[in-house]
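Structure record follows, encoded as structure tokens.
The values are calculated or read from the model by the stated rules, or taken from the named source; none is laboratory data. Keep in mind the model is a prediction, meaning the values are calculated, not measured. Here Cβ is always computed from backbone atoms with ideal geometry, including for glycine, and neighbour counts include all displayed protein chains. Side chains are part of the model used for accessible areas, which takes the heavy atoms of the whole protein and leaves out ligands, DNA and RNA. Shrake-Rupley method; radii C 1.70, N 1.55, O 1.52, S 1.80 Å.
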Amino acid sequence: MEAPFPLGLPLATAFYLVFYLFTLVIHVVFMNYVLAGTLFIAYRGLFSRAPSPAGDITLDWMPLMLSGAITAAIAPLLFLQILYKQEFYTANLLLFHRWMSILPVLIVGFYSLYLLKSPGITSRWLRAGLSLTPFACVAFTGYSWTENHLLSVRPEGEWAEFYKTQSMWYAEPALWPRLMMWAVGAVPTLCCVLAWQLWYRDESVGPGMATLALAGLAGAGLAAGWYFEVADEIVRPALFGPFAFGYLVTAGIGVALQSLGWIMIARERQASLRWLLLISVGLTLTLLGMTVCREAIRITTLGLARFESYFGRHDAALGKSGFFWFLFFFALNAGLIAYAFYLVRTQQKSKPNG
Amino acid sequence: MDAVYYPVNDFGPLMKGLAIGGLGIFHVFTAQFAIGGGFLLAWFQWRAMTDRCPECRLFIHGYFRFLVLVSFVTGALTGVGMWFTSIQVSPQTIALMVDEFHWLWAVEWTFFTLEVVAGYAAYRYGARLSDSAYLILLLLYAFAAWMSLFWINGILSFQLTPGRWLETGGLWAGFFNPTFWPSLLYRTVACGSLAALVAMLVVNLSNLPHNQKTTLIREAAWFTMPMLLMPFLGIWFVSVLPPDSREWITGGSVAMTMFLGIAVGASVVIAGYCLIGILRQRLTINGATATVLCLMAFAATAGGEFVREGARKPYTLREILYSNAIRPDQVKKLREVGVTTGDPYPLRGADGLPNEQTKLGALAFRNLCSICHTVNGVNSLPGLTASWDTDMKRMNIAKLQYLKPFMPPFAGTPEELEGLVQYVEWIQAGSPRAWPDSLADPQTRTKRLAEIGRALDQAGVEAYLHQKRRKE
């Protein structure tokens, strides 16, 4: 913790942490799109019936993006079990039914999205209720993850106390500000991906979206301030130490780049490739920086001694073979995925089948 | 290595194995349908685009929608659910498997990602693509789905037959273990059969004319043809099982033999109807019969999975980890220091127990027995031991692996064993408010603990099958 991440960590720990954070960033992009996107779907279902290309795209793509979020969650979940096995398993067990309920809840969310896309649902009230369901399901899942994470980093004595209470809800002062920071921070991600989708379809990206993205960035900043206020004794040493400070600055630069890009889009009243690229770079920097900062907070909460006690297990895990096969199949399947995209782009026929 | 303690949840009257088994069966059924469905769609597309069966084109998109709605959603989520449920049931088991196979799991994830991308691309854009491009996407989807099975099959079959891994510790020795190939091939045949049965159901739900339905049903029925191989693959699988596991499923355990019978019987009926009825006698099938055959396939899956899970006993990872997540090399030490001593989690509902001895027994039950037994539900310990007197309980539990060879050796101190006996007797007596401490009298205590200690020593610290193998 005396050198910038991942320097100063043992090889095995650094190796798994880098993999974990890299795959987590990918998951966060999908997750943010789904969280903010389902909120957008709910808003449109409840309050707005005006035609909107952004609304149509979000609804059309949401099942795939939810599928992507779940698929992308598997890899970080795997590395998490190498890194913080006992913590993750214990929190799962302590929250028991409540934790497990995210699975049926997500299935309900999934099917409600398909139902929303079905032309058979014509009742306005039913559509309004249905449009709220995916967001409720995704938000519940997000809440459960935050709750699980916070419980997982508590000391063993507190786990035992929590077990005794038989409660399946865990709360601490940092829960809501932390949750809000990530939830509100999801809005700029949705805006960025949606802007690319609109740009690809030659649809306009209006100042409304730029305003929404800027509001999301400002809101996430406010929530971060609230979080700092509530958990200052952990957050300050975690983020202002050598381990994560550079990444905090990186996240800040990312926010500045995103803000600049959205301001320019608002001024020019249209999205150009240049500003979209700038926003995307900014978003990448922000997500990367934030995930490392998140990890620094976790390690600081666990305490250095507890964290260091895992190093031996990480080393043992690294001693298992199979990594090069993973790289081989990763490259192979990335190539096949690219080929699938290529087929969709280039192999369209002139008239439909049968 | 010291034991790692996790909080243990009470599943009430439900056995924990039922929770994971129930979800597992559902997941296996949907996942195998997804794999077979991919190949069946590719087969139909090829038959349609080469004009061998123009009707096939009418069916593809409707079936794909069914595949996506059922399999993509519930299949994917129950897959994650299996992971989470495994943690709920036995975190030590999943921890060991993740440590050992995490890169292979990561490889499986890359195929799962390909499956999702290719599947969605085919689903969304298939109607707009050229025939050959659509076929390639379907084949990519099916290949990726099957490769997911390939990798997971290696990890799952390792649990039952770790093979040379026990001597070498090598990744591939564990992965390509003795049951890997028969299990993979058997499951592949099952995938095709499930896809065919669901296709027959979907065809019957469509509004197509009767003659077209008949054609499509016959096309789908070809996917059940490999079921002819099932007896050979089944025999191959059974022949490479460890002898004791083979004994459980072939009469040694009535429940397991019965479930094997259900799996075999249901498969025979399905194969008979499809191969003889539809393909040879050129009969067709209506929606009701197709539904019944799908249900029979579900029963066959359930029977097969139950047998696979049960045949591992007394292990959850054969020769590595007992069902109660205690490693064989820990038993000796736990008999000295106690299984409850290091458990940091308090006993829930301790106030309702009459004395410290029953509290100790309840803790021993939680750590050693609750993975498979309940207090007053399925496979309840008080129920199973209701006809035993107190001394029988002491001796039988002390020599558990001899009493029932699919049970692990008792891994606690004589005090914990006596506590467990008293806890069970207290429940059997109707949980009265007062209950005497059976070790309160110092002389009785010394004598009784010595007796239990002797019985434990006689039983030894190894599983029965180990001792038997050593004698042989």
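Counting only residues that are hydrophobic (A, V, I, L, M, F, W, C) and over 23 Å from the mean Cα position of the chain (by Cα), the range A:159-198 holds 4 of them. Before we move on, is A:ALA139 more than 10 Å from every other protein chain (Cβ to nearest Cβ), open to solvent by less than 40 Å² (accessible area, probe 1.4 Å) and at pLDDT below 95? In short, no.
Residues checked against (1) open to solvent by 30 Å² or more (accessible area, probe 1.4 Å); (2) within 14 Å of the chain's Cα centre (by Cα); (3) hydroxyl-bearing (Ser, Thr, Tyr):
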| residue | (1), (2), (3) |
| --- | --- |
| B:ILE285 | no, no, no |
| B:LEU317 | no, yes, no |
| B:LEU321 | no, no, no |
| B:ILE326 | no, no, no |
| B:VAL337 | yes, no, no |
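Put simply, of A:LEU318, A:LEU332 the only residue that is touching a residue at least 60 places away in the same chain (Cβ under 8 Å), within 14 Å of chain B (Cβ to nearest Cβ) and surrounded by fewer than 19 Cβ atoms within 10 Å (Cβ to Cβ) is A:LEU318. For the range B:54-80, a tally of residues being surrounded by fewer than 20 Cβ atoms within 10 Å (Cβ to Cβ) and at pLDDT 90 or above returns 1.
With respect to (1) over 21 Å from B:ALA311 (Cα atoms); (2) under 30 Å from the mean Cα position of the chain (by Cα), the lone exception for B:ALA350 is condition (2).
Conditions tested, residue by residue: (1) open to solvent by 10 Å² or more (accessible area, probe 1.4 Å); (2) at pLDDT below 95.
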site: B:LEU114; (1), (2): no, no
site: B:LEU129; (1), (2): no, yes
site: B:ILE136; (1), (2): yes, no
site: B:LEU139; (1), (2): yes, no
site: B:THR168; (1), (2): yes, yes
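Between a residue in the range B:255-282 that is in contact (Cβ under 8 Å) with a residue 12 or more places away in the chain and any residue that is of a type in the set (Val, Ile, Thr) and surrounded by 19 or more Cβ atoms within 10 Å (Cβ to Cβ), which pairs come within a Cβ distance under 6 Å, given they are 6 or more apart or on different chains? That search, which allows pairs on different chains as well, returns B:MET256/B:ILE249; B:MET256/B:VAL307; B:PHE259/B:VAL307; B:LEU260/B:ILE249; B:LEU260/B:VAL307; B:CYS274/B:THR224.
Candidates are the residues of the range B:192-215 that are without any contact (Cβ under 8 Å) to a residue 24 or more places away in the chain and over 16 Å from B:ALA288 (Cα atoms); the one that is most open to solvent (accessible area, probe 1.4 Å) is B:ASN211. Take the conditions within 32 Å of the chain's Cα centre (by Cα), of a type in the set (Val, Ile, Thr) and in a helix (DSSP H, G or I) and apply them to B:ILE136. Does it pass? No. Set side by side, the residues A:ALA305, A:ALA334, A:ALA338, A:ALA296 differ, and just one is under 27 Å from A:LEU80 (Cα atoms) and out of contact with any Leu (no Cβ under 9 Å at 6 or more places or on another chain), which is A:ALA305. From the set of residues in the range B:1-53 that are under 13 Å from the mean Cα position of the chain (by Cα) and at the interface with another protein chain (Cβ under 10 Å from one of its Cβ atoms), which is most open to solvent (accessible area, probe 1.4 Å)? Here the answer is B:LEU23. With a requirement of 3 or more residues that are closer than 19 Å to B:ALA42 by Cβ, the helices (runs of 4 or more DSSP H) lying completely within the range B:174-267 that satisfy it span B:180-205, B:210-221. Within the range A:72-110, being on the phi < 0 side of the Ramachandran plot, open to solvent by 10 Å² or more (accessible area, probe 1.4 Å) and at the interface with another protein chain (Cβ under 7 Å from one of its Cβ atoms) holds for A:ILE74, A:LYS85, A:GLN86, A:MET100, A:LEU103, A:LEU106, A:ILE107.
Which residues, taken from the range B:437-454, are under 18 Å from B:GLU416 (Cβ atoms) and assigned to a loop (DSSP other than H, G, I, E, B)? Full working, then the answer.
Step one: of the range B:437-454, the residues under 18 Å from B:GLU416 (Cβ atoms) are B:437-440, B:444-454.
Of everything in the range B:437-454, those that are under 18 Å from B:GLU416 (Cβ atoms) and assigned to a loop (DSSP other than H, G, I, E, B) turn out to be B:ASP437, B:SER438, B:LEU439, B:ALA440.
Restricting the first residue to the range B:288-299 and requiring it to be closer than 15 Å to B:HIS27 by Cα, which pairs with a second residue that is open to solvent by 60 Å² or more (accessible area, probe 1.4 Å) meet a Cβ separation below 8 Å and a spacing of at least six or different chains? Listed by first residue and then by second, the contacts come to B:ALA299/B:ILE262. Of all the listed residues (A:PHE30, A:PHE47), the sole one being open to solvent by 10 Å² or more (accessible area, probe 1.4 Å) and over 24 Å from B:TRP103 (Cβ atoms) is A:PHE47.
Residue by residue through the range A:306-315, note down the ones that are open to solvent by 70 Å² or more (accessible area, probe 1.4 Å) and either assigned to a loop (DSSP other than H, G, I, E, B) or more than 10 Å from every other protein chain (Cβ to nearest Cβ) (or both).
Of the residues in the range A:306-315, the ones open to solvent by 70 Å² or more (accessible area, probe 1.4 Å) are A:308-309, A:313, A:315.
Once the filter is applied, which keeps residues that are open to solvent by 70 Å² or more (accessible area, probe 1.4 Å) and either assigned to a loop (DSSP other than H, G, I, E, B) or more than 10 Å from every other protein chain (Cβ to nearest Cβ) (or both), the range A:306-315 yields A:GLU308, A:SER309, A:ASP315.
When B:VAL98 is tested against the conditions (1) within 30 Å of B:TRP165 (Cα to Cα); (2) in contact (Cβ under 8 Å) with a residue 40 or more places away in the chain, the lone failure is (2).
Within the range B:65-80, the set of residues being hydrophobic (A, V, I, L, M, F, W, C) and facing another protein chain (nearest Cβ under 7 Å) comprises B:LEU69, B:PHE72, B:VAL73, B:ALA76, B:LEU77, B:VAL80.
If the condition is being under 18 Å from A:LYS164 (Cβ atoms) and open to solvent by 30 Å² or more (accessible area, probe 1.4 Å), then the range B:347-372 contributes B:LEU347, B:ARG348, B:GLY349, B:ASP351, B:GLY352, B:GLU356, B:LYS359, B:LEU360, B:LEU363. Would you be able to tell me the number of residues in the range B:81-103 that are open to solvent by 20 Å² or more (accessible area, probe 1.4 Å) and facing chain A (nearest Cβ under 7 Å)? The total comes to 1.
Pairs please, first residue from the range B:118-142 and at the interface with another protein chain (Cβ under 7 Å from one of its Cβ atoms), second anywhere and of a type outside the set (A, V, I, L, M) and part of a helix (DSSP H, G or I), Cβ atoms under 6 Å, 6+ apart in sequence or on different chains. Hits for this filter: B:ALA118/B:TYR141.
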